1. Want the number for residue B:80 to residue B:137: 0.36 nm per residue separation, take away the alpha-carbon distance, what's left?
2. If you place +1 on the Cβ of every Lys and Arg and -1 on the Cβ of every Asp and Glu, how big does the dipole about the Cα centre of chain A come out, in debye to the nearest 20?
3. Between residue B:11 and residue A:114, what is the spin-label point distance in nm, taking each point 7 Å from the Cα along the Cα→C-beta axis?
4. Past 26 Å, Cα to Cα: identify those pairs from A:40/A:61; A:61/A:119; A:119/B:77, in the order given.
5. Which shape class applies to the protein assembly as shown: rounded if a/c is under 1.5, otherwise prolate when a/b exceeds b/c and oblate if not, where a ≥ b ≥ c are the square roots of the Cα gyration tensor eigenvalues?
6. Let me know the mean shielding of A:146-155 by other chains, meaning the per-residue number of their Cβ atoms within 10 Å of its Cβ.
7. Label residue A:70 and residue A:106 with points 7 Å out from Cα along Cα→Cβ: what is the distance between them in nm?
8. State the Cα centre-to-centre distance between region B:96-120 and region B:10-34 in whole Å.
Number of protein chains: 2
Amino acid sequence: MALRSISTQRRRLADEVYDQLVTAIMDRDIGPDDRLVQEKLAAEMEISRTPVREALLRLEKEGVLNVANSGGFRLAKISEEEILELYQARAAIEGQAARILAARQDPEELEALRAFIIKAETLENPTTRDYFVANRSIHRQFMDAAGNRFLLEMFDMIWGRAMAFHLFAAIEHTDISKSLGDHIALVDVLATGDRAQALEQFTAHIQDGFDLHIDGIRRSQ
Amino acid sequence: MALRSISTQRRRLADEVYDQLVTAIMDRDIGPDDRLVQEKLAAEMEISRTPVREALLRLEKEGVLNVANSGGFRLAKISEEEILELYQARAAIEGQAARILAARQDPEELEALRAFIIKAETLENPTTRDYFVANRSIHRQFMDAAGNRFLLEMFDMIWGRAMAFHLFAAIEHTDISKSLGDHIALVDVLATGDRAQALEQFTAHIQDGFDLHIDGIRRSQ
DNA sequence: CTGTCAAAGACTGTATACAGTATCCAGAAC
DNA sequence: GTTCTGGATACTGTATACAGTCTTTGACAG
């Protein structure tokens, strides 16, 4: 008998702090004007500075936070330029996953993807955030299926940063049914086995997202 | 006029430790059997445990180190499977950069790349490591030219990990002149402006690297 | 009113101390 | 001889203490 270890990885306080900060940022509890100071956060959370410091430095290395010149950390700003770069990076990562999946062309796998998409997009009265979460989970599922841990890691990095930057708050909640058609079409192109075409279509899909995004930003200004 | 800040970022002791560990790994001063213990390293470097801990945790998060079950950190092992994934990720990142460069098709930029390649490959009695470094710097130059900071970040992540894993030690020192032709040909395809073709050729170039690599590993066993 | 200098304050980085947990070993029990 | 069980050991995570640096502010000189 081989029992799995109960907790594969010890949970550190720093991880807890990290998670709390991330959700706080996503929930807009932390805004661009807030200054995050180690001592204050530690006091607030009733722990010592050490784990707080660790979490803050991690977020800084990930590009989510910047050191403020007067000490403390601030939310990093993102420019329109950087948004474009983020989408370009997405296209690179997810396009490659598409190539891999198209080359493999595993019918079972593709069927599972279809099922996943339909399930994920069955939302009642979805908010913008619901839509975002569903969209992300669908795209992540493609990545997961491709089975390359580095690509997956980069995917999470990109989307994590996007969330941190409230990047999708500007997106109008688009028609789900249209999007569903899009995602299913992505599976269809994988089924053809044409790698170049798969890449192209994924890239185009992401490009659509970008256009929508920029449009949303422009209109919200 | 926009003057750059003198010291963009304060240098922390942890960074120093990190760098030392990375070079030690690359120089094989740290092998797969060594156990890295915070206290011992700290004592050896005559500093406290805090910055050492920080550096070790960073390397762990980057996948270079693993926590050993008996405490301390060990070099992470990499499988042949993971090497493939690493190359796939490379293809994704660098292929996208190629698309960007081909789309831009800036003659000056391409000329600069050519010059860089020729300069970088002018090596006398190069060792395997010299070759590796030159190759890396050439590829990085392409990425740099593409001008996407996320792609560049991922590039560094991938190559950093590759170095940490001694991934290129197995590669026989191949004929530089052949490789030079290859790299110049990469610039040529960018000059045509054909994005799909550019992607294809970069991917093929990286595939060649992979084949060589696997071959090297197989032969060294 | 403006510019300069000094002192205070705020925060960080580093060191050290403390507590908890997992591992390993020795000796007892069978 | 093998297996179990304490206890010592080793190492980490967290807290706290200390020292240095950067910013800001206030007073004074021009």
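The values are calculated or read from the model by the stated rules, or taken from the named source; none is laboratory data. Note that the structure is predicted; figures quoted are calculated from it, not measured. When we count neighbours, we look across all protein chains shown, and the Cβ atoms used for this are built from the backbone with ideal geometry, even at glycine. Only protein heavy atoms, including side chains, enter the accessible area calculation; ligands, DNA and RNA are left aside. Shrake-Rupley method; radii C 1.70, N 1.55, O 1.52, S 1.80 Å.
1. On the way: separation 57, 0.36 × 57 = 20.52 nm, distance 2.44 nm.
The span from residue B:80 to residue B:137 would gain 18.1 nm if fully extended.
2. Working: 27 positive and 37 negative charges, 151 e Å.
Its charge dipole is roughly 720 debye.
3. Simple spin-label model gives 6.0 nm for this pair.
4. Values: A:40/A:61 21 Å; A:61/A:119 36 Å; A:119/B:77 38 Å.
Among A:40/A:61; A:61/A:119; A:119/B:77, the Cα-Cα distance tops 26 Å for A:61/A:119; A:119/B:77.
5. Rounded.
6. On the way: counts 2, 3, 9, 6, 14, 6, 2, 5, 9, 0.
Mean number of neighbouring Cβ atoms from other chains: 6.
7. Each label point lies 7 Å from its Cα, and together they span 5.5 nm.
8. Taking the Cα centre of each part, region B:96-120 and region B:10-34 sit 33 Å apart.
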